[in-house]
Amino acid sequence: MPHATSRPAAAPSAKLGTLELGRFLAASIVVLTHWLPDVNTHAAHAGQTVFAGWHAPGAIGVQYFFVLSGFVMASAHLGDFGRLTAPLRFWWRRACRIYPSYWLALVIPIHYLSGFLTPAFSLQLFTLSPWHDGDFIAPAWSLRYEIAFYTIFGLCLLPWLGRPLLAAWILLTLWRWAPGPALALALLHLPPPFLVNELATRYGDRFTSFMDIYFFAGLAAGYGFARLRGAGAVVSTALTGAGAVLSLVMLSRLGWGDQYGAPGTQVPLMACGLAMLLLGLAGLERHGWLRLGRWAERAGALSYPLYILHAPLLLAWDQFNRALKLSLLDLYGLSFVGLLTLYLAAAAVTFWYDQPLQRQFRRLGRGTALAIAAHRA
């Protein structure tokens, strides 16, 4: 374990285009999950639906996001373990990533739903508190799991206590959701996790939720990617193939990506499939077998604003166009024009608001860290 120090860790390596493209595709799936049913509500005649009523599988998009979050945290912050100031730096960077676009997205629903804003509700709404529910933006429920994950993972970066905490966190979560609980607990000689369940229910279920299994699978894959640099293209190809096969098998059991699955066996297997797929693709890109240009990174940058902004924009659309009734041909036109509008809006927010703000916040964070280091010196 590295010695405790206040020196900032080295900057993480460049983003991987394959994973960034996957991030963009996952966000697009979630957008389609909400937009296509909305389009169909404007049909002039009952039974008229675009794409024969196809429903986009939004669950697989969220699953991918969770596994990717774990992958990126492990691969980008492996060198931060054991650094005294790493948790604050980590939380600052995560806050800069999540909150600016989220707060901007809140402007529209607050305009229509401001009557619900009590002080207590406002506090949990603006902070995305993992101890609460109740959102104005439909996809924001997943951000509360992200916040819970970031909270504990940041603590895991602490010197001396961090790695034991990470191990305990993983073990407690798996204790709650072990595959085939009775058999698994019997083999491990563990009692049923009554106390863990009670504490989790009382003090924050998201901190040991079965959704964390996706994050943990991503952590394992990210750790492997950072450590196993000697793994060649053949191993990466095998991991990609195995991950794709396992993911497809599980997708066939989960409504082709439309269901989150049972926590006992389906969630761990789906998480493992996605983690192996990410690890394999990342390895292939590192060895030059996959080459994606800057466009893939730009698409990845677009994904989060697209993910969080599309729901408020649909709310504003519905407020002004509830009575709109269209022919089937016009519905298809609406579906494509609406999607184009959503992507253009997300691009504008990404490149003129979100990324400039993040650059400013990162400079502020680096300046503060250097000032603290200089003061201590």
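The values are calculated or read from the model by the stated rules, or taken from the named source; none is laboratory data. From a predicted model like this one, the values you see are computed outputs, not experimental measurements. Every residue, glycine as well, gets a Cβ built from its backbone with ideal geometry; the counts of neighbours run over all protein chains shown. Only protein heavy atoms, including side chains, enter the accessible area calculation; ligands, DNA and RNA are left aside. Shrake-Rupley method; radii C 1.70, N 1.55, O 1.52, S 1.80 Å.
Results, tabulated for the structure shown:
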read-out	value
Portion, in percent, of the accessible area of the range 245-328 that falls on carbon or sulfur, probe 1.4 Å	65 percent
Å² of accessible area per residue within the chain, as computed with a 1.4 Å probe and no ligands counted	49 Å²
Relative contact order for the chain, counting Cα pairs under 8 Å that sit 6 or more residues apart, in percent	31 percent
Prolate/oblate/rounded label for the range 297-337 (Cα gyration tensor, a/c 1.5)	oblate
Sites W103 and L155, calculated FRET efficiency, Cβ-Cβ separation with R0 25 Å, nearest 0.05	0.50
Size of charge dipole - the chain - debye, nearest 20, with Cβ of Lys, Arg +1 and Asp, Glu -1, no other charges	1380 debye
Alpha-carbon centroids, the range 246-310 and the range 74-119: separation in whole Å	23 Å
Helix axis angle, 140-155 relative to the chain longest principal axis, alpha carbon, degrees	10 degrees
A43 long-range amide H proximity, modeled H, under 5 Å	L326
Prolate/oblate/rounded call for the range 134-180, Cα gyration tensor, a/c under 1.5 rounded	oblate
Between 0 and 90°, nearest 10: helix 328-349 axis offset from the chain longest Cα axis	40 degrees
Candidates E20, E198, E297: whichever shows maximal mean-square fluctuation once the chain is modelled as a Gaussian network with Cα springs under 10 Å	E198
Cα-based helix-to-principal-axis angle, 212-227 vs the chain, degrees rounded to 10	60 degrees
Gyration tensor (alpha-carbon) shape descriptor, the range 154-274, a/c threshold 1.5	oblate
